[in-house]
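What follows is a set of notes on a single structure, which appears directly below.
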Amino acid sequence: MLVWPMSFTPTRQPGSENVTPRLAEQLHDQGRFDEALALYRVLLAKDPFNVMLHNDYNDLLYRLNRPEDYLRSFDRAPPNRGLYLAKASLLMHGQRYEEASGVFTAILAREPDNKHAGVGLATARSRLGRHDEAAALFETLVEKNRTDANLCGNAASAAIARGDAARALTLCEMGHAIAPANQVCLALMGTALRLVGDERDEALSGYDEFVRVFDLDPPEGFSDMANFNAELNAYLDRLHPHAREHVAQSLRGGSQTVLQVFGAGHDLVDRLERRIREAAARYIADMRADATHPFLSRRRRGFQYSGSWSSRLSAQGYHANHFHPEGWISSCYYVAVPEAVKDTQSRQGWIKFGEPDFATPLPQPVRRTLQPVPGRLILFPSYMWHGTIPFHDSAARTTIAFDAVPN
């Protein structure tokens, strides 16, 4: 997985402090999408350099499937490097790599040492199958930025795509030495180890040891999970937006909540969170001691959430293979699942582990699959590749997930 955008975080330009997009967000939350779009256009006219506004406006256009307007706001704005990078980022998320290459090339023509544009161009070239070019670009970037662990991981991904798993492993080890908890390097390290036939991947990834299943007890006030999940699923209807997924999400064919769902005053979610916290505490307590292991060595007595959300997949929906760069422990709790998941042959809607998001010569890309069951919580290392198998069913597949970090 080429983590995009790398370490680039859009920042508000001078003069944008007085722009308040909260009303546009409220209109969006109420499903008044046309009004929200109109307000975004007014705000952008007042503050054309505001990268956040451009991102929010175009993300909504994407979710409403309005390609005729998508990304046009960037072209209407005055020339600005931050806007060019933001537009290129959205092109990358939309797999429009040739167009993104053009934007990055234009930036580099004016600023040859712009790291973000350099990484973007190398990433786009790799995705376009121009592997020798990508490798050469990444090697130059790594040489100039030897303390950037994310860059090492991304360069490793391009090296694997080129067929040089040995170089990828070296790059991952370089990045791991810089930042031992960097999830990008660990994810690509596991893939590289498998490709060179090194059994250390089993110790690193622990597909059987670290991927654990917890069938939770009913939360307080409920005698069985079926009734609880039915109420929770109905409640989550209010939180899920009535538009497709955001362009930058791994989800395809469904929706995902934007705001945190834990600790936001949602009674049913909070009751579930208490059961999840108990299971996560058991998971951590059961970890064996190993000060040298990238996952086990981060064990502490406590943990905190770095993110929590709900996902809902519709027919033929799936999660693209990915990992979670900002986590330590990641998860999936099943609220409602379609009947199709009961097919143990096709494994529709099942979660899968170990398969990268790009083609490799691995003889067995998927290392483990697990069946979704309402009331079931699955915990695993955040650097582990995971995705889902598409399903064909009219019923939705609804989950709650979180990332946790040591506390």
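Of all residues in segment 304-326, which are crowded, with 20+ Cβ neighbours inside 10 Å and farther than 25 Å from THR360 by Cα? Those that are crowded, with 20+ Cβ neighbours inside 10 Å and farther than 25 Å from THR360 by Cα: TYR305, SER308, SER310, SER311, ARG312, LEU313.
Here is a yes/no grid of residues against (1) closer than 18 Å to ALA24 by Cα; (2) part of a helix (DSSP H, G or I); (3) out of contact with any strand residue (DSSP E or B) (no Cβ under 6 Å at 6 or more places or on another chain):
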{"site": "VAL42", "(1), (2), (3)": "yes, yes, yes"}
{"site": "PHE49", "(1), (2), (3)": "yes, no, yes"}
{"site": "PRO67", "(1), (2), (3)": "no, no, yes"}
{"site": "ALA86", "(1), (2), (3)": "no, yes, yes"}
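Scanning segment 141-184 for residues that are touching a residue at least 60 places away in the same chain (Cβ under 8 Å) and in a helix (DSSP H, G or I) turns up ASN150, LEU151, GLY153, ASN154, SER157, ALA158, ILE160, ALA161, HIS176, GLN183, VAL184. The set of residues in segment 232-248 that are modelled with pLDDT of 95 or more and either over 22 Å from GLY349 (Cβ atoms) or surrounded by fewer than 17 Cβ atoms within 10 Å (Cβ to Cβ) (or both) comprises ALA234, TYR235.
Tell me yes or no: at least one residue of segment 206-213 is touching a residue at least 60 places away in the same chain (Cβ under 8 Å) and assigned to a helix (DSSP H, G or I). Write out each step before concluding.
Taking segment 206-213 and keeping what is touching a residue at least 60 places away in the same chain (Cβ under 8 Å), we get 206-208, 210-213.
Within this subset, residues satisfying the condition of being assigned to a helix (DSSP H, G or I) are none.
No, the conditions are met nowhere in segment 206-213.
Could you look through segment 83-96, keep only residues that are of a type outside the set (A, V, I, L, M) and buried (at least 22 other Cβ atoms within 10 Å of the Cβ), and pick out the one that is nearest to ARG125 (Cα to Cα)?
Here is the first cut: in segment 83-96, the residues of a type outside the set (A, V, I, L, M) are 84, 87, 89, 93-96.
With buried (at least 22 other Cβ atoms within 10 Å of the Cβ) added as a condition, the list becomes 87, 89.
Numbers: LYS87: 17, SER89: 14 Å.
The qualifying residue nearest to ARG125 (Cα to Cα) is SER89.
Each row is one residue, and each column tells you yes or no for (1) more than 25 Å from HIS386 (Cα to Cα); (2) modelled with pLDDT of 95 or more.
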{"position": "ALA166", "(1), (2)": "no, yes"}
{"position": "ARG194", "(1), (2)": "no, yes"}
{"position": "TYR207", "(1), (2)": "no, yes"}
{"position": "VAL213", "(1), (2)": "no, yes"}
{"position": "MET225", "(1), (2)": "yes, yes"}
{"position": "ASN229", "(1), (2)": "no, yes"}
{"position": "SER250", "(1), (2)": "no, no"}
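Taking every residue in segment 48-59 that is charged (D, E, K, R) and pairing it with any residue that is at pLDDT below 95, at least 6 positions away or on another chain, the pairs with Cβ-Cβ distances below 6 Å are ASP59/HIS246; ASP59/VAL247.
With respect to GLY302, is the statement that it is closer than 29 Å to ALA161 by Cβ and not β-branched (Val, Ile, Thr) true? First the steps, then the outcome.
Working: closer than 29 Å to ALA161 by Cβ: no; not β-branched (Val, Ile, Thr): yes.
Spelling it out, it is not the case that GLY302 is closer than 29 Å to ALA161 by Cβ and not β-branched (Val, Ile, Thr).
Please find, within segment 73-98, the residue that is modelled with the lowest pLDDT out of those that are among the small types (Gly, Ala, Ser) and farther than 12 Å from ALA117 by Cα. Working first, answer last.
Keep residues of segment 73-98 that are among the small types (Gly, Ala, Ser), which gives 73, 77, 82, 86, 88-89, 94.
Narrowing the set further to residues that are farther than 12 Å from ALA117 by Cα leaves 73, 77, 94.
Working: SER73: 98, ALA77: 97, GLY94: 94.
By that ranking, first place goes to GLY94.
Could you run through segment 89-104 and say how many residues are without any contact (Cβ under 8 Å) to a residue 60 or more places away in the chain and within 21 Å of HIS54 (Cβ to Cβ)?
10
The values are calculated or read from the model by the stated rules, or taken from the named source; none is laboratory data. Values in this document were obtained by computation on a predicted structure and should not be read as measured data. All Cβ positions, even for glycine, are placed from backbone atoms using ideal geometry, and neighbour counts span all protein chains on display.
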